[in-house]
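One structure is given here, and the rest of the page talks about it.
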Amino acid sequence: MFVPKSTVLLIVLNSFTRSGAITGNDLSNRIESAISQAAKQIELLRIESKVPAISVGVSYRGQEIWADCFGFANLETGTPCTSRSLHRIGSITKPVSKLGKLLEENRVDLDRPIYDYLGDKFPRKTFNGSEVNITLRQLVSHMGGIRHYNSAADYFVKDSCDSIYESLNYFKDDPLIAQPGTELHYSSFGFVAVGAVLQSVLHENDTFQLAMLNILKNQLGMRGTYFDEVYEIIPNRISYYQVNKANQLKIAPFVDSSCKWPGGGMLSNVHDMLKFGNVMIGSSKTNNGFLRNTTVARLWAKVAPLQKYDLFESFYGMGWEVLERKSTNCSQCETVPFSLAVAHNGGSSGAIADLLIVPEKEMVVSLLTNVSPVNTLRQVAIEIMSTFIEYVHPTNYSREGEAGEGSHGKAFSTNQTL
């Protein structure tokens with residue numbers, strides 16, 4: 001298990017203790033206690049859900065305080081995973097898109113019909129016999145009426161697509177399932193349409209993939225993030241598994257994600273997930289960040305209810321899930337030491353992932369696995385976040401010793417893979 005004695009931790013301790021409020025040794029001990037507690041939660045998850053490998057990352061005030069991986073990158077070779085192991089992040093790809101930057105550059109208009117961008121590449125739609133417009137705002141909030149995956153053939157696509165425009169062929173001629181702007185229907189195909197709109201405003205020789213990687217690698221330093229190109233050799237890529245209906249661990253079905261890049265086609269590691277979460281926190285606080293705080297506020301604004309959990313109300317914004325702790329008729333809600341979080345999870349063939357951000361505490365938790373399904377991953381992410389907040393956050397030092405089992409309650413009773 002990772003023990004936080006690195007140079008990074010020393011830098012973190014120095015930055016946290018300059019105020020004199022606590023000592024470096026005190027914080028170091030608290031971090032180690034939080035790691036010990038969280039490691040137990042992860043090992044329990046591995047046993048209960050038959051997870052071959054799970055990568056975990058935690059950051060506080062913009063600095064990593066824990067990054068590790070438990071288990072095996074490949075069960076057949078017995079290769080252990082590391083914090084650099086690359087996992088499929090599924091639908092976490094959605095909030096990672098270039099949308100925010102293109103909004104700030106006034107290159108896309110949220111309320112303009114997507115037909116204006118796509119022309120004859122996307123047919124005009126009707127609903128109940130009347131022609132309707134679909135806007136970018138509706139698509140990024142899953143309010144565009146475009147269907148999600150209907151079958152295993154949609155989910156386990158084996159064909160390759162040479163361009164995002166070619167990806168539209170999977171759904172562009174299908175009828176809408178709702179009047180645009182009236183109902184939330186989660187749709188990864190809707191985000192493929194978003195990617196096509198973004199592609200339409202790029203320079204002629206640029207592609208959605210290259211533009212994304214340029215931002216992520218060169219501007220944000222996410223050098224361990226790639227598109228999941230199945231025929232390329234990508235160092236540190238992990239192997240993928242699934243638990244079948246007989247509760248047996250098997251190799252996950254082959255899938256080629258090139259026909260749905262914007263909706264869920266990227267690989268990453270926990271270091272890069274933490275970087276991305278911290279970019280969003282930093283941008284939310286100033287107009288001098290990667291994005292302006294006004295842009296982040298637009299992305300994180302609640303648009304429509306997503307689902308209800310035991311302790312939280314959940315909403316979808318624009319490419320993000322927003323979690324608000326319940327304030328009434330909830331005797332256990334105070335067991336979670338934060339009131340609001342933004343998040344996204346993702347599911348792919350042989351992978352479930354979660355990214356959880358608590359801006360008020362300046363904390364990020366990322367969990368990446370190489371198996372599907374893992375029905376309690378969001379719950380565990382909430383519990384790990386709660387553990388680190390209670391041990392590490394400087395506004396709460398009343399707790400001594402290790403937390404008792406179940407001290408944070410069960411944050412969620414169900415887990416929806418977005």
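The values are calculated or read from the model by the stated rules, or taken from the named source; none is laboratory data. Since the structure is predicted, the reported quantities are computational estimates derived from the model, not experimental observations. Positions of Cβ are generated from backbone atoms using ideal geometry, with glycine treated the same way; all protein chains shown enter the neighbour counts. Ligands, DNA and RNA are stripped out before the accessible areas are found, and what is left, the full protein with its side chains, is counted by its heavy atoms. Shrake-Rupley method; radii C 1.70, N 1.55, O 1.52, S 1.80 Å.
Across the range 369-375, computed HN-Hα scalar couplings (Karplus, 6.51 cos²θ - 1.76 cosθ + 1.60, θ = phi - 60°) run 10, 10, 8, 9, x, 9, 6 Hz from first to last residue, x flagging Gly and Pro. Peptides 354-367, 247-260 ranked from most to least packed, by the mean per-residue count of other Cβ atoms within 10 Å: 354-367, 247-260.
For the range 337-342, backbone phi angles converted through the Karplus equation (6.51, -1.76, 1.60; θ = phi - 60°) give residue-by-residue couplings of x, 8, 9, 8, 9, 10 Hz, Gly and Pro being listed as x.
Would you kindly calculate the translational diffusion coefficient of the range 175-241, applying Stokes-Einstein with the Kirkwood radius from alpha carbon pairs, for 10 °C and a viscosity of 1.306 mPa s, and quote it in µm² s⁻¹ without decimals?
106 µm²/s
Check the straight Cα-Cα distances from Lys245 and name the aspartates and glutamates below 18 Å, setting aside those fewer than 8 residues away within the same chain. Those aspartates and glutamates meeting the cut-off are Glu48.
Taking only protein heavy atoms into account and a 1.4 Å probe, give the accessible area per residue of the chain in Å².
Per residue, the chain has an accessible area of 41 Å².
Distant-in-sequence amide contacts of Phe290, defined by a placed amide H-H separation under 5 Å and a gap of 5 or more residues or a different chain, comprise Ser283.
Exceeding 19 Å between C-alpha atoms, which entries from my cross-link table qualify? They are Lys275/Lys302; Lys101/Lys275; Lys94/Lys361. Going by Cα-Cα distance, Lys275/Lys302; Lys94/Lys361 fall outside the 19 Å limit. For the chain, which whole-number percentage of the solvent-accessible area (1.4 Å probe, protein heavy atoms only) is attributable to carbon and sulfur atoms? After summing per-atom areas, the C and S share lands at 47 percent.
Legend: calculated FRET efficiency, Thr286 to Ala246, from the Cβ-Cβ distance at R0 = 56 Å, rounded to 0.05, equals 0.60.
Sorting the segments 185-198, 27-40, 83-96 by their residues' average number of neighbouring beta-carbon atoms within 10 angstrom, most packed first, yields 83-96, 185-198, 27-40.
Here Lys326 is the anchor, and the aspartates and glutamates within straight C-alpha reach of less than 12 Å, apart from those fewer than 8 places off in the same chain, are Asp310, Glu313, Glu334.
What the pair-distance distribution of the range 161-304 shows, using all Cα-Cα distances binned every 5 Å from zero, is 2, 8, 12, 16, 19, 18, 13, 9, 3, 1, 0 percent. The alpha-carbon of Lys121 sits under 20 angstrom from the alpha-carbons of these lysines, leaving out residues fewer than 8 places away in its chain: Lys172, Lys260. Report summary: the helix-based calculation at 222 nm, which adds -39500 (n - 2.57) for every DSSP H run with n ≥ 4 and divides by the residues of the chain, gives -8500 deg cm²/dmol.
Scaled against 2.2 N^0.38 Å for its residue count N, the alpha carbon radius of gyration of the range 329-372 is 1.45.
Whole-Hz Karplus values for the range 145-158 come out as x, 7, 5, 8, 5, 9, 7, 4, 5, 6, 6, 9, 5, 10 Hz, taken residue by residue from phi with 6.51 cos²θ - 1.76 cosθ + 1.60 and θ = phi - 60°; glycine and proline positions read x. Look at [x] 65, 48, 45; [y] 63, 58, 40; [z] 70, 70, 40: the one that is Cα extents along the principal axes in Å derived from this structure is [x].
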